[in-house]
Amino acid sequence: MRSKKLKELLAVSINASIKGGYTIMDVYQSDFPFEIKEDNSPLTLADKKCNQVIENVLTHTNIPILSEEGSRITYEKRKKWTYFWLVDPLDGTKEFIKKNGEFTVNIALIYNGSPIMGVVYIPVKKELYFAMQGLGSYKVKINSVISNLDNLLLEADKLPIDYKRDNYVIVGSRSHMSVETKDFFKQKKKEHRDVVILEVGSSLKLCMVAEGKADAYPRYSPTMEWDTAAGHAIVKYSGFSVKKYNSSDDIVYNKKNLINPWFLVD
């Protein structure tokens with residue numbers, strides 16, 4: 001796919017995430033109900049409404065869409081896809097319910113199993129991370145949908161940002177802490193003099209490594225493909241990696257089983 005076409009798709013996905021974010025905030029500011037899914041994770045009206053908004057926008061690209069809220073597409077059908085959108089309309093539903101602001105809208109474009117584009121939008125802060133093959137990774141404050149990607153690039157900060165840190169920062173999940181993750185923390189404390197461990201929700205953990213605010217994100221517990229794809233793109237095009245646990249191989253997407261292997265972002 002040509003760079004010009006990819007840039008057009010990036011603008012579309014950015015606008016889809018922002019429109020979805022508007023919908024999320026409408027629910028966030030209300031006294032919303034939620035239900036518990038089969039895997040014991042929560043589902044809110046915001047997930048459903050945001051997913052519908054995003055799908056309404058992305059449908060016009062004529063590229064297939066796989067999302068958390070529409071994940072029942074058979075492998076026999078989706079394994080034939082060369083390109084597809086991978087969407088998590090509300091990543092960090094537990095954080096959303098706690099109202100701590102650490103939730104995101106995630107949209108990625110996958111090509112032959114690899115993310116070539118990613119958008120992570122933080123509705124509460126109105127902050128946007130975005131990345132594209134051949135373009136790099138960026139962060140920008142954004143208040144409304146865009147009409148021109150080039151203008152947005154002029155305002156955005158290219159990642160990573162040099163924060164002049166002399167400590168070693170590890171980000172971990174507030175909700176998923178395994179024995180292996182704790183062992184990783186112990187090992188890094190032996191290797192580095194000043195180790196800081198931060199607990200953060202949603203795909204923000206991947207973005208923090210890409211941005212330069214953190215050095216590593218070990219995820220030695222289950223995630224789904226839609227949880228990581230957009231953040232993976234932002235990590236990848238800022239010069240870092242998302243490798244399988246104890247491996248030099250990147251995690252890949254559109255597998256028969258949509259559960260990710262354990263991984264390390266650094």
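The values are calculated or read from the model by the stated rules, or taken from the named source; none is laboratory data. Here the structure is a predicted model, which is why all the values come from computation and not from measurement. When we count neighbours, we look across all protein chains shown, and the Cβ atoms used for this are built from the backbone with ideal geometry, even at glycine. Calculation scope for accessible area: heavy atoms of the full protein, side chains included, ligands and nucleic acids excluded. Shrake-Rupley method; radii C 1.70, N 1.55, O 1.52, S 1.80 Å.
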> Say the cut-off is 19 Å between C-alpha atoms; which of 164/236; 19/126; 4/80; 205/243; 98/244 go over it?
Replying inline: 164/236; 4/80; 98/244
>> Please state the shape class of the stretch 111-260: rounded when a/c is under 1.5, otherwise prolate if a/b exceeds b/c and oblate if not, all from the C-alpha gyration tensor.
In response: oblate
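At 1.002 mPa s and 20 °C, plugging the Kirkwood radius over alpha-carbon pairs of the chain into Stokes-Einstein gives what diffusion coefficient in µm²/s?
Working: Rh = 18.5 Å.
Here the translational diffusion coefficient equals 116 µm²/s.
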>> Can you give me the C-alpha center-to-center distance between the stretch 196-222 and the stretch 118-149, rounded to a whole angstrom?
In response: 18 Å
> At a probe size of 1.4 Å, how large is the accessible area of residue 47, to the nearest 10 Å²?
Replying inline: 0 Å²
> Based on Cβ point charges of +1 for Lys and Arg and -1 for Asp and Glu, what charge dipole magnitude is obtained for the stretch 128-266 about its Cα centre, in debye rounded to the nearest 20?
Replying inline: 360 debye
>> Out of the total accessible area of the stretch 109-171 (probe 1.4 Å, heavy atoms of protein only), what percent is carbon and sulfur?
In response: 44 percent
>> Of the candidates 101, 21, 134, which one comes out as most mobile in a Gaussian network treatment of the chain with C-alpha springs shorter than 10 Å?
In response: 134
> Mind listing the Cα extents of the stretch 89-173 along all three principal axes, in Å, largest one first?
Replying inline: 36, 35, 32
> For the stretch 130-170, which semi-axes, largest first and in whole Å, follow from the square roots of 5 times the eigenvalues of its Cα gyration tensor?
Replying inline: 25, 12, 9
>> For q values of 0.12, 0.17, 0.21, 0.26 Å⁻¹, compute log₁₀ I(q)/I(0) with the Debye formula on a Cα-only model of the stretch 168-224, without solvent.
In response: -0.24, -0.49, -0.75, -1.11
> Under a straight-distance cross-link criterion of Cα-Cα below 13 Å, which aspartates and glutamates are reachable from residue 141, leaving out those fewer than 8 residues away in the same chain?
Replying inline: 127, 155, 157
> Got the relative contact order for the stretch 118-160 handy, in percent, Cα pairs under 8 Å and 6 or more residues apart?
Replying inline: 31 percent
> When only Cα pairs under 8 Å and 6 or more residues apart are kept, what is the percent relative contact order across the stretch 93-219?
Replying inline: 23 percent
